[in-house]
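First up is the structure itself, then whatever we jot down about it.
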Amino acid sequence: MGTQAKASAGAVINREEALERFGGNEALFRRLALKFLDDAHFGELEAALARADASAAQAAAHSLKGVAGNLSFDELYGACCALNDALREGDLESAQDLLPRARSAYHQVREALREMEA
């Protein structure tokens with residue numbers, strides 16, 4: 001991984017925490033992190049919010065929160081926690097307000113992972 005990719009990834013991926021979680025196994029972390037590029041939960045979250053389905057949106061946010069937490073995508077994790085909390089309460093208005101933060105974090109993670117992939 002080049003220096004630029006490391007710097008960019010480090011801004012949205014807590015590599016130190018992730019490597020600790022993965023017992024220092026960089027290859028395992030990399031393999032699992034790159035699988036996130038194929039993860040469908042964010043699309044499911046957006047679709048569920050578009051149709052005002054709080055239950056489906058909460059399930060997607062909860063799953064995304066778990067993946068983001070396990071892979072140390074800290075900003076995305078925090079955004080998903082807030083979304084999950086709002087949706088668990090059935091508060092679609094707050095969830096819609098929180099979605100841009102989650103979307104931004106999601107795209108930052110994807111960009112960092114694409115750089116990691118190169």
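The values are calculated or read from the model by the stated rules, or taken from the named source; none is laboratory data. This one's a predicted model, so the numbers in the text were calculated from it and none came from an experiment. Cβ: placed from backbone, ideal geometry, glycine included. Neighbour counts: every protein chain shown. The protein model used for the area step is the full one, side chains on, heavy atoms only, and it has no ligands, DNA or RNA in it. Shrake-Rupley method; radii C 1.70, N 1.55, O 1.52, S 1.80 Å.
Tell me yes or no: at least one residue of the stretch 47-63 is under 27 Å from Glu117 (Cβ atoms), crowded, with 19+ Cβ neighbours inside 10 Å and small (Gly, Ala, Ser). Yes: the stretch 47-63 contains one or more residues that are under 27 Å from Glu117 (Cβ atoms), crowded, with 19+ Cβ neighbours inside 10 Å and small (Gly, Ala, Ser). Of all residue pairs spaced 6 or more apart or on separate chains, those with beta-carbon atoms under 9 Å, a first member in the stretch 88-110 that is within 17 Å of Ala56 (Cβ to Cβ) and of a type outside the set (A, V, I, L, M, F, W, C) and a second member that is open to solvent by 80 Å² or more (accessible area, probe 1.4 Å) and in a helix (DSSP H, G or I) are Arg88/His62; Gly90/Ser55.
Determine whether the stretch 57-73 contains at least one residue that is assigned to a helix (DSSP H, G or I) and farther than 22 Å from Gln108 by Cβ. Within the stretch 57-73, one or more residues are assigned to a helix (DSSP H, G or I) and farther than 22 Å from Gln108 by Cβ.
If the condition is being in a helix (DSSP H, G or I) and loosely packed, with under 15 Cβ neighbours inside 10 Å, then the stretch 81-110 contributes Arg88, Glu93, Asp97, Pro100, Ser104, His107.
Only one of the numbered conditions (1) part of a helix (DSSP H, G or I); (2) in contact with a helix residue (DSSP H, G or I) (Cβ under 8 Å, 6 or more places away or on another chain) is violated by Leu28, and that is (2).
Of the residues screened, Ala47 is not one that is touching a Gly at 6+ places or on another chain (Cβ under 9 Å) and small (Gly, Ala, Ser).
When the stretch 30-56 is examined, which residues are found to be of a type in the set (Gly, Ala, Ser) and either touching a residue at least 40 places away in the same chain (Cβ under 8 Å) or touching an Asp or Glu at 6+ places or on another chain (Cβ under 8 Å) (or both)? Passing the criteria: Ala33, Ala52, Ala54, Ala56.
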